[in-house]
1. Going through the range B:372-389 one residue at a time, which ones are more than 9 Å from chain A (Cβ to nearest Cβ) and under 16 Å from B:Ala438 (Cβ atoms)?
2. Take the residues in the range A:406-443 that are within 38 Å of the chain's Cα centre (by Cα), among the charged types (D, E, K, R) and assigned to a loop (DSSP other than H, G, I, E, B), then tell me which one is nearest to A:Gly23 (Cα to Cα).
3. Of all residues in the range A:358-371 being among the small types (Gly, Ala, Ser) and either within 14 Å of chain B (Cβ to nearest Cβ) or surrounded by 24 or more Cβ atoms within 10 Å (Cβ to Cβ) (or both), which is nearest to A:Phe128 (Cα to Cα)?
4. Given the criteria over 30 Å from A:Ala24 (Cβ atoms), within 10 Å of another protein chain (Cβ to nearest Cβ) and over 24 Å from the mean Cα position of the chain (by Cα), does B:Val203 qualify?
5. Which of (1) surrounded by fewer than 24 Cβ atoms within 10 Å (Cβ to Cβ); (2) modelled with pLDDT of 95 or more is the odd one out, the single condition A:Gly126 does not satisfy?
6. Go through (1) within 30 Å of B:Pro420 (Cα to Cα); (2) more than 9 Å from chain B (Cβ to nearest Cβ); (3) of a type in the set (D, E, K, R); (4) touching a helix residue (DSSP H, G or I) at 6+ places or on another chain (Cβ under 7 Å) for A:Asp156 and report which single condition fails.
7. Scanning the range A:209-253 for residues that are in contact with a Lys or Arg (Cβ under 7 Å, 6 or more places away or on another chain) and part of a helix (DSSP H, G or I), which turns out farthest from A:Ser272 (Cα to Cα)?
8. Quick one: in the range B:342-353, of everything that is away from chain A (no Cβ under 11 Å) and at pLDDT 90 or above, which residue is nearest to B:Phe101 (Cα to Cα)?
There are 2 protein chains.
Amino acid sequence: MAKPKKTPRPKAVTPKGFRDYFGADVTERKTMLDGIAAVYHRYGFDPLETSAVETVEALGKFLPDVDRPNAGVFAWQEEDSDWLALRYDLTAPLARVAAQFRNDLPSPYRRYAMGPVWRNEKPGPGRFRQFYQCDADTVGAPSVAADAEVCAMLSDALEAVGIERGDYIVRINNRKVLNGVMEVAGVLDPSDPSKFEAERGIVLRAIDKLDRLGEDGVRALLGAGREDESGDYTKGAGLSDAQADLVMAFMAARRDSGADTCAALADLVRGSKTGETGVAELETIAALMETQGYGADRAVIDPSVVRGLGYYTGPVFEAELTFDVQNDKGQTVQFGSVAGGGRYDDLVKRFTGQAVPATGISIGVDRLLAALRAKGRMGGAELGPVVVTVMDRDRLADYQAMVSELRNAGIRAEMYLGNPKNFGNQLKYADKRQSPVAVIQGSDEADRGVIQIKDLILGAKIAESASLDEWKSQPAQREIARGELVAEVRKILDGDI
Amino acid sequence: MAKPKKTPRPKAVTPKGFRDYFGADVTERKTMLDGIAAVYHRYGFDPLETSAVETVEALGKFLPDVDRPNAGVFAWQEEDSDWLALRYDLTAPLARVAAQFRNDLPSPYRRYAMGPVWRNEKPGPGRFRQFYQCDADTVGAPSVAADAEVCAMLSDALEAVGIERGDYIVRINNRKVLNGVMEVAGVLDPSDPSKFEAERGIVLRAIDKLDRLGEDGVRALLGAGREDESGDYTKGAGLSDAQADLVMAFMAARRDSGADTCAALADLVRGSKTGETGVAELETIAALMETQGYGADRAVIDPSVVRGLGYYTGPVFEAELTFDVQNDKGQTVQFGSVAGGGRYDDLVKRFTGQAVPATGISIGVDRLLAALRAKGRMGGAELGPVVVTVMDRDRLADYQAMVSELRNAGIRAEMYLGNPKNFGNQLKYADKRQSPVAVIQGSDEADRGVIQIKDLILGAKIAESASLDEWKSQPAQREIARGELVAEVRKILDGDI
């Protein structure tokens with residue numbers, strides 16, 4: 001008889017582009033997000049957690065980021081029914097909620113949201129298909145006071161989680177001013193906004209790349225186009241030199257004070273109603289920031305910030321970390337952007353037909369966490385639990401009682417639960433867990449009413465190879481009375497020994 | 001020319017079977033899970049957050065709950081590649097991680113996980129397609145000390161979040177004892193475990209329904225079958241009266257002490273090696289629980305607990321809340337089960353071919369939260385922010401400065417950001433936010449250096465209809481010096497007035 005064919009075993013792999021987070025990776029992110037949430041709460045923002053799944057209809061067909069044509073969503077069709085998809089950001093679900101619950105929610109509605117989003121992109125190095133976003137938005141507030149508020153809140157949030165003043169700057173600009181410049185330059189016709197739309201898109205993305213391409217690169221993209229190092233050619237906006245001069249002057253309009261910057265911008269947009277409105281809004285924002293005590297060490301008006309997304313309609317913001325780090329190539333560079341946002345007045349309109357003004361910020365969770373680690377604010381080795389080892393298999397209850405005493409005293413502790421036969425494995429386990437203390441009691445110690453406690457921080461280096469006897473001879477190991485377990489362990493944990 | 005056809009507006013709806021969580025629903029769940037996580041951490045468990053998406057291959061074809069044939073996963077196919085799916089629980093991803101990272105993880109591996117899972121089921125009342133799970137498992141620990149540990153931890157977790165001792169009980173049983181009873185009854189042949197498998201499945205599910213069907217209902221299912229009130233007929237296991245007597249005796253074997261219960265069980269399974277091993281394991285668990293101080297007021301050996309899932313291989317547990325609540329029909333009933341778990345030794349084997357012993361618990365997040373609300377431990381109305389109203393549109397900076405002072409003092413506060421024209425709307429807004437205090441300053445007050453503060457908790461009832469003049473005449477409203485803003489607001493918040 002033929003042997004029945006074996007079903008092959010399933011592969012145990014995280015799907016491509018996805019990640020698992022272990023231990024400190026989970027708790028450090030949680031600590032950071034809890035710190036941010038506390039600030040958002042103090043500002044009057046309420047938490048919102050929408051379902052991870054949305055109808056494709058509600059999400060809309062397109063991702064906001066037009067720069068990445070591969071971008072898409074994970075979607076599937078319900079049985080004879082709607083297409084559903086995983087949310088690709090936290091803004092689209094907010095727009096849906098703001099429309100769906102518009103009669104129940106307070107208006108304005110301040111909300112924050114933190115959670116995973118999914119992108120159906122080709123996985124690549126550092127490019128993941130599930131990642132955290134952390135957003136705060138105000139829906140239904142036409143006043144730019146709402147924009148100033150989220151900028152101040154962003155500043156507070158960064159300081160709350162450990163980015164010191166001076167190590168970051170919130171840069172603020174206004175799309176209306178840029179549109180005013182475009183009008184003056186003749187690439188925006190207020191009576192026919194669809195004209196030159198493609199050209200303006202190229203201008204927007206060119207300005208957004210100033211950091212990376214430098215002034216010459218941006219100027220090339222404003223004009224005929226640009227060939228990068230690989231030989232790839234990017235088509236330019238086709239602006240004349242005079243038109244490009246205007247855009248370049250806009251980007252360089254930052255002065256020492258917000259008032260001076262606004263004055264410089266006013267010169268550039270003279271005659272454009274949109275541009276003049278935009279400058280007036282920036283003046284209001286600058287004044288409100290000043291009133292709240294957010295000076296040039298925390299927030300500045302900076303015309304070089306435009307944000308790549310197409311949907312912004314007014315003020316845009318970006319938080320940049322200004323300290324140096326080494327990049328992948330070993331070069332010293334500024335850490336760069338960790339958060340951004342702006343005003344988008346048209347997202348809710350898709351559902352209701354009525355324009356609803358909205359503004360908000362989004363913090364790059366992974367980038368901010370990386371920054372905190374780079375600054376030594378996170379990522380210090382967390383100590384593991386005290387490990388009570390098992391010398392005699394038939395005295396589990398005794399060991400368990402020790403563990404209970406420690407836990408009841410608030411000390412993280414556990415009994416070794418693997419096969420106790422090989423004592424070396426127990427020590428290796430304690431080592432792997434980064435345990436601060438191992439507790440050892442053989443039958444001889446039990447008879448004498450004592451236990452051995454071992455300071456593993458000191459003894460870590462020899463743990464790999466030590467036999468029980470070697471272990472016992474280490475100075476970091478001491479014999480104590482059974483009744484002193486909690487007190488003696490606490491001494492080691494408190495660094496008193 | 002024909003009018004261009006309008007694209008219909010998308011519907012703003014949460015997909016069927018999904019939910020959005022607002023405000024306190026988010027923070028209360030978070031508070032509860034944080035409390036549970038602190039206990040798990042003290043027990044030495046590490047957090048793990050796997051990706052929401054798994055390969056269908058890794059998840060396996062079938063949900064563990066064989067009782068619901070409609071159960072399924074949300075799945076889609078990658079371009080020319082694997083099928084991916086949303087995880088349906090937190091155990092299957094743990095098995096995948098334990099296999100994938102077996103050389104890196106400590107062994108035993110204690111981990112906890114909290115997060116949403118997704119089920120592709122027909123939505124129905126109270127049945128959702130995305131919900132939270134909160135699990136803790138120990139992988140790689142053959143000793144039942146690991147089972148006793150998670151039971152003790154479950155007890156501590158319930159008390160930590162606000163379920164008082166006496167309001168819950170952890171009930172512990174062992175599938176091996178049930179299998180021993182089946183052997184003695186002649187519906188399990190150790191030399192051919194596939195024989196009578198269907199019958200044993202019916203017995204298992206019948207016992208699991210004891211609470212709902214009562215003894216007579218269970219007995220009917222053990223025998224020929226049972227017709228429910230609607231006339232639907234459920235096929236029984238076809239056991240003889242003598243066989244059914246044995247199973248019924250097993251369910252009723254709980255005595256006053258764990259030792260007595262174990263003795264009663266030992267009588268029932270005499271001659272079955274599996275059964276005798278199971279009783280010995282229960283004796284060890286009972287002794288370990290006792291040693292750690294978990295007496296009959298917290299944990300008991302109870303043979304009527306079997307858990308419906310097919311994959312348990314040893315000890316099984318359930319935490320039941322014993323206080324009374326009103327059910328949907330207005331009847332007074334015990335709150336019932338909020339957590340459960342058990343030992344499953346075969347899940348990792350799917351991947352590696354090697355059996356890896358594992359045990360764990362899962363807390364029903366929504367049910368426990370409902371229980372805490374029923375007991376008044378959660379759901380007290382959370383106060384909203386202090387609202388600084390806007391009387392003069394050109395004095396935003398003044399109002400914003402007041403808000404900043406309050407926030408810097410740690411007081412949750414905000415400026416009204418809607419259209420300030422209608423003052424009544426501002427008060428309605430404050431009402432909707434459940435604001436404790438409204439701050440009001442017209443130009444006359446500004447000139448005199450004073451502000452009005454209004455205790456909204458007292459004034460809530462009249463807020464709906466009050467004009468500014470009526471409002472000002474209320475005794476809950478007082479005029480204070482501008483400089484006393486923070487101090488006076490704090491007095492109201494502290495209940496000193």
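The values are calculated or read from the model by the stated rules, or taken from the named source; none is laboratory data. In this text the structure is predicted, and so the values were computed from the model without any measurement. Note that each Cβ is placed from the backbone with ideal geometry, even for glycine, and that neighbours are counted across all protein chains shown.
1. Step one: filter the range B:372-389 for residues more than 9 Å from chain A (Cβ to nearest Cβ), giving B:372-383, B:388-389.
Correct list: B:Leu383, B:Val388, B:Thr389.
2. Among those that are within 38 Å of the chain's Cα centre (by Cα), among the charged types (D, E, K, R) and assigned to a loop (DSSP other than H, G, I, E, B), it is A:Arg433.
3. Here is the first cut: in the range A:358-371, the ones among the small types (Gly, Ala, Ser) are A:358, A:360, A:362, A:364, A:370-371.
Subset that is either within 14 Å of chain B (Cβ to nearest Cβ) or surrounded by 24 or more Cβ atoms within 10 Å (Cβ to Cβ) (or both): A:358, A:360, A:371.
Numbers: A:Ala358: 28, A:Gly360: 24, A:Ala371: 18 Å.
That would be A:Ala371.
4. Working: over 30 Å from A:Ala24 (Cβ atoms): yes; within 10 Å of another protein chain (Cβ to nearest Cβ): no; over 24 Å from the mean Cα position of the chain (by Cα): yes.
Criteria not met by B:Val203.
5. (2)
6. If we test A:Asp156 against (1) within 30 Å of B:Pro420 (Cα to Cα); (2) more than 9 Å from chain B (Cβ to nearest Cβ); (3) of a type in the set (D, E, K, R); (4) touching a helix residue (DSSP H, G or I) at 6+ places or on another chain (Cβ under 7 Å), just (2) comes out false.
7. Result: A:Gly217.
8. B:Tyr344
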